Amino acid sequence: MDNAVAAAESKARRGAHDAVLLARTNPRRAITLAAAAVSGGAVSEDWAAVSTAERALGLASRELRDIVGALSHLRRAVTVADEHQLEYEAAEARLSLSLTLAFAGDNRGALREVEAASVLATGREAARLEMQRALILQRLGRHEDALRGYRQALPALRRAGDRLWEARLLNNRGVLRAFLGDWKAAETDLVRAEQLYEGLGQELARARVHHNLGFAAGRRGDVPAALAWFDRADDYLRAHDIPRAARLTDRCEVLLSARLIREARRTAEQAVAELERRHLASDLAEARLVLAEAALLEGDFTLARAEAERARRAFGRQQRGPWAALARHAALRAA
């Protein structure tokens, strides 16, 4: 191999891997590095670098809540890896694509990508895929299946010393446990996730754990603590120009629990508008349901019925049966 080509290949591959690592902490810097790696990898025909860089572009776009862009880059990452028989890069790209599809509301597609990535996976990679599958099942409302998946994946991640994915698992499981009313276990998971992220220097992920601690506090009825955690997370997101629309729905639910109905409705309307613009279909359906609840409490039955019906149809498309039932009930109450 020509020395110049080898050097370009090496630089492109380093840049691609660095971009993946930066995608969740400094997504805008990751985009700059990844774009350069795509160009450099194409010149040197280093297709592993190109696939990895496209995956980094997808991950960074997802952090910035550009779901359309994220899907485009991640599908390109899969295509490049498949075309050049790069099994590892293909599996990694499908793993990233699966969660992004879930954010877009395509849960069937998300599970299909996890299954495709699982064919040759063993050890740590298999545990990561099991964690991802559990998260998708959690979003589908299959809570016991999700908890079972988390229990299966966690020991393998710990044996492998994979602290980043351990933190992700504990964060996701903490949210699920809070939703199910297991407050003590939820707090244990979330506090440990926050500690792991802090040790890894993952400040953006740590801010999102702070938000989830607010969600847990809200579920147990501690409104002041919930709002304080939300504010702490929002301060970080604003300071780093990270979109926070998906987080507004949880704040709205806490405001509704405190009967701060007017503020809750404004917050829900803001969330719906922003999530619709960003094509975050899964979060959008939840925001519409919360907006319906706020409108019901204000006596605006026309809006409540319209938003509940929109939510019900979206949950149906997303195969989220328990959520669809809640939306149907809200629509009946507004009839």
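Rounded to the nearest 10 degrees, the angle from helix 203-219 to the longest Cα principal axis of the chain is 20 degrees.
Where a ≥ b ≥ c are the square roots of the eigenvalues of the C-alpha gyration tensor, would you call the stretch 1-119 rounded, which needs a/c under 1.5, or, failing that, prolate if a/b is larger than b/c, or oblate?
On the way: a/c = 2.65, a/b = 1.47, b/c = 1.81.
Verdict is oblate for the stretch 1-119.
Each of Ala48, His84, Asn26 was scored by the projection of its Cα onto the charge dipole of the stretch 1-119, and the greatest displacement toward the positive side belongs to Asn26; charges sit on the C-beta of Lys, Arg, Asp and Glu. Exposure proxy ranking for His211, His279, based on other Cβ atoms within 10 angstrom of each Cβ and starting from the fewest, stands as His279, His211.
One chain, two ends: Gln152 and Ala185. Fully extended at 0.36 nm per residue, the span grows by 10.2 nm beyond their Cα-Cα distance. About the centre of its Cα atoms, the chain shows a dipole size close to 900 debye [charges on the beta carbon of Lys, Arg (+1) and Asp, Glu (-1) only; nearest 20 debye].
In what order do Asp241, Asp234 fall by count of nearby beta-carbon atoms within 10 Å, going from fewest to most? Walk me through the intermediate numbers first.
Values: Asp241 9, Asp234 19.
Placing the least packed residue first, the sequence is Asp241, Asp234.
Does the stretch 244-335 come out rounded, prolate or oblate, given a ≥ b ≥ c as the square roots of the eigenvalues of its C-alpha gyration tensor, rounded meaning a/c under 1.5 and, failing that, prolate meaning a/b above b/c? Since a/c reaches 1.5 but b/c is at least a/b, the shape of the stretch 244-335 is classed as oblate.
As a check on your grasp of the helix formula, calculate [θ] at 222 nm for the chain: sum -39500 (n - 2.57) over DSSP H runs of n ≥ 4, divide by the residue count, round to the nearest 500. Before the final figure, lay out each step's value.
Working: 17 runs with 284 residues, N = 335.
Calculated at 222 nm, the ellipticity per residue is -28500 deg cm²/dmol.
Expressed as an acute angle from 0 to 90° and rounded to the nearest 10, what is the orientation of the C-alpha long axis of helix 143-159 relative to the principal long axis of the chain? With rounding to tens, the tilt is 40 degrees.
Taking other C-beta atoms within 10 angstrom as a stand-in for reagent exposure, Leu120, Leu147 fall in the order Leu120, Leu147, fewest first.
Taking a ≥ b ≥ c as the square roots of the Cα gyration tensor eigenvalues, with a/c under 1.5 meaning rounded and otherwise prolate when a/b beats b/c, else oblate, which class fits the stretch 81-185? Verdict is oblate for the stretch 81-185. Averaging the sequence gap over all C-alpha pairs within less than 8 Å and six or more residues apart, then dividing by the number of residues, gives the chain a relative contact order of 11 percent. For the peptides 317-329, 41-53, the ranking by mean Cβ contacts within 10 Å, running from highest to lowest, is 41-53, 317-329.
FYI, it's all coordinate maths here, none of it is from the lab. Nothing here was measured: the structure is a model prediction, and the numbers come from that model. Note that we place each Cβ from the backbone using ideal geometry, even for glycine, and neighbour counts take in every protein chain shown.
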